[in-house]
Amino acid sequence: MRLTLSALCLALTPLAVPAQTGPAFDSGPITNCLADGHGTACVGRGAEACTMTTPGGGSNVGYGACIESERAWWDIELNAAYQMRMNEARSIDREAPIPGLRPRPSDVESLRAMQRAWITFRDATCAFEELQWWGGTGAGAAGNACRMRMTGEQTLYLRSLLGG
Amino acid sequence: MRAFAALILLSAPVGAQGDWLLDPMVIEQCLATGLVEGCIGMVAQRCEQAEGAMARGLCLGAETAFWQGRADAALARLALREGDVQALSSRRGVDPVPALATIEASFTAYRDAACAWREGQWDGIHHGWEWADCRLRLTARHAWMLHETVEALP
């Protein structure tokens with residue numbers, strides 16, 4: 001009974017055990033930085049704050065977890081920005097051609113071509129960057145930091161025509 | 001306008017553009033402040049203010065040439081290590097082996113596609129200016145990424 005009660009107490013108070021709650025990632029430092037107009041310089045701000053607020057955040061494991069948290073956050077933002085652009089592109093492609101002008105290229109196809117090219121570029125760049133550190137404990141984190149940075153920059157590029 | 005801007009850009013050699021349209025030290029001093037994003041496009045803007053709006057394409061091209069020069073310098077330093085990196089990746093069985101030439105080709109393909117997409121959002125005179133501005137910004141960011149990679153090398 002005593003063991004069961006202890007287990008129940010632990011289950012009800014997960015915040016009392018920081019090591020089990022994962023990195024303390026918060027997107028606030030990124031969004032605040034973006035609101036101040038610092039653009040791509042804001043990529044990495046969330047991971048940076050995370051390493052300082054997460055117990056053990058300064059270790060390779062802690063740093064890697066914080067980087068991965070921000071990378072995943074940017075990935076969601078990228079998908080949202082891409083979907084927004086795709087919806088706009090579909091709308092643009094439905095517009096009637098302007099008489100006298102050459103037919104406009106498909107915005108949907110142009111957007112898809114860019115995103116495919118970006119994925120190839122990201123994979124080549126980050127594989128190379130990871131390899132610069134190969135053999136060291138930070139190699140994986142270097143590759144993931146590259147993916148975080150590039151995903152953030154591409155998100156901001158996609159947002160840029162909206163002024164975000 | 002796009003054809004006009006392209007004609008101007010093609011008519012002047014890259015080095016000559018940088019010589020008389022912009023002072024590289026202005027960008028270098030800006031970069032020293034650490035606010036890299038704010039430095040991109042700054043000199044092209046000053047150039048346009050001095051030379052007039054019709055020189056916008058030329059000014060954007062001049063600053064793009066500056067950043068391309070920085071990218072080339074960083075690539076030259078990375079190339080010195082490439083043999084070691086290739087040998088290491090072969091030993092570790094990394095497949096495909098990432099190569100500098102592959103990265104640069106993929107960057108060029110991405111930049112062309114990204115700028116074609118952005119260019120397509122505009123009509124009229126803005127068409128060519130957006131294309132030139134896009135090339136400047138993506139080239140500058142890529143150059144800075146290469147620079148930071150070099151600076152952080154183990």
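Once a ≥ b ≥ c are taken as the square roots of the eigenvalues of the Cα gyration tensor of the stretch A:72-134, is the result rounded (a/c under 1.5), prolate (a/b larger than b/c) or oblate (a/b not larger than b/c)? Judged from the Cα gyration tensor, the stretch A:72-134 comes out oblate (a/c at least 1.5, b/c at or above a/b). Counting, for every residue in B:111-122, the Cβ atoms of other protein chains within 10 Å of its Cβ and taking the mean gives 6. Residue ranges A:125-131, A:79-85, A:59-65 sort as A:125-131, A:59-65, A:79-85 when ordered by packing (mean number of other C-beta atoms within 10 Å per residue, highest first).
Evaluating 6.51 cos²θ - 1.76 cosθ + 1.60 at θ = phi - 60° for every residue in the stretch B:54-67, the Karplus couplings come out as 5, 8, 4, x, 5, 5, 4, x, 5, 6, 4, 5, 4, 5 Hz, glycine and proline recorded as x. Modelled spin labels at B:R46 and B:A76, positioned 7 Å past Cα toward Cβ, are 2.4 nm from each other.
Taking θ as phi - 60° and the Karplus parameters 6.51, -1.76 and 1.60, the scalar couplings of the stretch B:103-113 work out to 4, 5, 5, 5, 5, 4, 5, 5, 4, 4, 5 Hz in sequence order, x denoting glycine and proline.
Counting Cβ atoms of other protein chains within 10 Å of each Cβ in A:108-118 and taking the mean gives 5.
All of the numbers you see were taken from the coordinates with simple rules; none came from a lab. Not measured: the values here are computed from a predicted model. Reconstructed Cβ throughout: ideal geometry from the backbone, glycine too, with neighbour counts over all protein chains shown.
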